[in-house]
Amino acid sequence: MTAEPTHVLAEADALALLERGHIEIEGRLAAASNTTLRAEITLDGLTRRCVYKPVRGERPLWDFPDGTLAGREVSAYLVSRATGWDVVPPTILRDGPLGPGALQLWIDEPDQVGALIGFVPAYDVPSGWFPVAAARDDDGDAYALAHADDPRLARLAVFDAVINNADRKGGHVLYPATGGVHGVDHGVSFHVENKLRTVLWGWTGRPLPADACETLTRLREQLAGPLGAELEEHLTISEVQHVGLRVKRLLRAARFPQPPTDWPAIPWPPI
């Protein structure tokens with residue numbers, strides 16, 4: 001049977017599919033640093049694709065505890081769901097063919113999708129785009145790493161600041177046919193130290209949009225209740241507390257954060 005995304009799944013249906021569907025692995029995504037598998041998942045005649053990241057395939061990191069990346073992927077989805085911004089595809093933790101791991105709904109992009117992040121000639125940055133870093137190609141020609149001044153990306157930038165995302169590459173931003181923006185690959189998030197590393201620095205120091213402040217206020221309230229309890233199933237108590245502290249700091253400043261001075265501000269490779 002072949003996955004046929006004939007319509008957009010409601011969130012509840014997507015979660016039910018991920019939680020109870022039968023998983024058939026298609027193959028490995030070779031570019032990923034950790035074991036990342038694409039699979040078909042089927043439930044009651046409905047088939048979709050998903051991304052399966054087994055815990056046993058996680059590469060040890062010096063700054064994140066072993067075996068915790070899948071839980072951080074799920075935590076990012078839980079925060080996304082709490083904001084109502086739908087910036088992370090449905091993601092759960094469950095047993096799969098290679099043991100426990102994160103399972104995330106696969107996001108198909110249109111053939112002619114227009115990316116909002118990329119390298120552009122330094123002399124020809126598109127109108128309405130922010131240059132965030134300078135670069136040169138193999139021939140010495142000047143380029144700029146830039147992104148659009150787009151409210152969907154701005155929400156993602158705020159979200160990344162909340163979860164302390166250490167790896168927001170341009171390639172980790174997807175553009176589904178629904179017209180939204182999804183971020184993926186959040187395994188190195190939620191550290192208690194400031195590790196924000198992203199290509200979305202265009203709004204640095206600018207005021208947060210009013211709707212973002214309203215969302216952060218609601219998020220702070222949820223962290224003190226059910227959301228905090230959900231996150232503690234995947235993160236340490238200290239890590240959950242620091243989510244609340246980051247939200248508090250964002251609300252107090254009411255501005256987009258500044259790049260860190262003791263940590264590389266942009267991931268490599270950036271795209």
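The values are calculated or read from the model by the stated rules, or taken from the named source; none is laboratory data. Everything quoted here is computed from the prediction, not taken from an experiment. Cβ: placed from backbone, ideal geometry, glycine included. Neighbour counts: every protein chain shown. Side chains included, ligands, DNA and RNA excluded: accessible areas come from the protein's heavy atoms. Shrake-Rupley method; radii C 1.70, N 1.55, O 1.52, S 1.80 Å.
Which residue fluctuates most in the GNM of the chain (Cα springs below 10 Å): 146, 134, 102? Of 146, 134, 102, the most mobile in the Gaussian network model is 134. Computed over the chain with a Gaussian network model linking Cα atoms closer than 10 Å, the most mobile of 187, 225, 67 is 225.
The portion of the accessible surface of the stretch 14-70 made up by carbon and sulfur, rounded to a whole percent, is 52 (1.4 Å probe; DNA, RNA and ligands excluded).
Springs join every pair of Cα atoms under 10 Å in this Gaussian network model of the chain, and among 129, 85, 201 the largest mean-square fluctuation is at 129.
At what distance in angstrom do the alpha carbon centres of the stretch 157-177 and the stretch 223-271 lie from each other? Answer, in whole Å: 13. Treating r as the C-beta distance of residue 28 and residue 192 and R0 as 45 Å, the FRET efficiency rounds to 0.90. The lysines within cross-link reach of residue 248, meaning a Cα-to-Cα straight distance under 18 Å and a gap of 8 or more places when in the same chain, are 195. Protein heavy-atom accessible surface, 1.4 Å probe, per residue over the chain: 49 Å². Projecting the Cα atoms of 175, 60, 271 onto the dipole axis of the chain, where Lys and Arg carry +1 and Asp and Glu carry -1 at the beta carbon, places 60 farthest toward the positive end.
Once you sort the root eigenvalues of the Cα gyration tensor of the stretch 74-131 as a ≥ b ≥ c, which label holds: rounded (a/c under 1.5), prolate (a/b larger than b/c) or oblate (the other case)? Note, shape of the stretch 74-131 comes out prolate. Our summary gives the stretch 147-271 a relative contact order of 36 percent, counting only alpha carbon pairs under 8 angstrom and 6 or more residues apart.
Note on residue 204 and residue 135: their simple-model spin labels are 1.7 nm apart, each label 7 Å out from Cα toward Cβ. A simple charge model with +1 on the Cβ of Lys and Arg, -1 on the Cβ of Asp and Glu and nothing else charged puts the dipole of the stretch 1-123 at about 340 debye relative to its Cα centre.
Rounded to the nearest 20, the size of the Cβ-charge dipole of the chain about its Cα centre is 800 debye, with Lys and Arg at +1 and Asp and Glu at -1.
Taking all protein chains together, 33, 238, 75 sort by accessible area into 33, 238, 75, largest first [probe 1.4 Å]. The sum of -39500 (n - 2.57) across all DSSP H runs of n ≥ 4, divided by the residue count of the chain, sets its helix-only mean residue ellipticity at 222 nm to -8500 deg cm²/dmol. When the square roots of the Cα gyration tensor eigenvalues are ordered a ≥ b ≥ c, the ratio a/c for the stretch 194-247 is 1.5 or more and a/b does not exceed b/c, which makes its shape oblate.
Using a Förster radius of 45 Å, what is the FRET efficiency between residue 9 and residue 142 based on their Cβ-Cβ separation? Nearest 0.05, please.
0.55
Projecting the Cα atoms of 135, 161, 202 onto the dipole axis of the stretch 121-230, where Lys and Arg carry +1 and Asp and Glu carry -1 at the beta carbon, places 161 farthest toward the positive end. With a ≥ b ≥ c taken as the square roots of the eigenvalues of the C-alpha gyration tensor of the stretch 123-271, please select rounded if a/c is under 1.5 and otherwise prolate if a/b is larger than b/c or oblate if it is not? Prolate, because a/c is 1.5 or more and a/b exceeds b/c.
Could you check how much of the accessible area of the stretch 142-251 is carbon and sulfur, as a whole percent, using a 1.4 Å probe?
The C+S portion of the solvent-accessible surface of the stretch 142-251 is 52 percent.
Note down the relative contact order for the chain as a percent, whole number, built from C-alpha pairs under 8 angstrom at least six residues apart. The value is 17 percent. For the stretch 157-271, a crude dipole built from +1 on the beta carbon of Lys and Arg and -1 on the beta carbon of Asp and Glu, taken about the Cα centre, is about 480 debye to the nearest 20.
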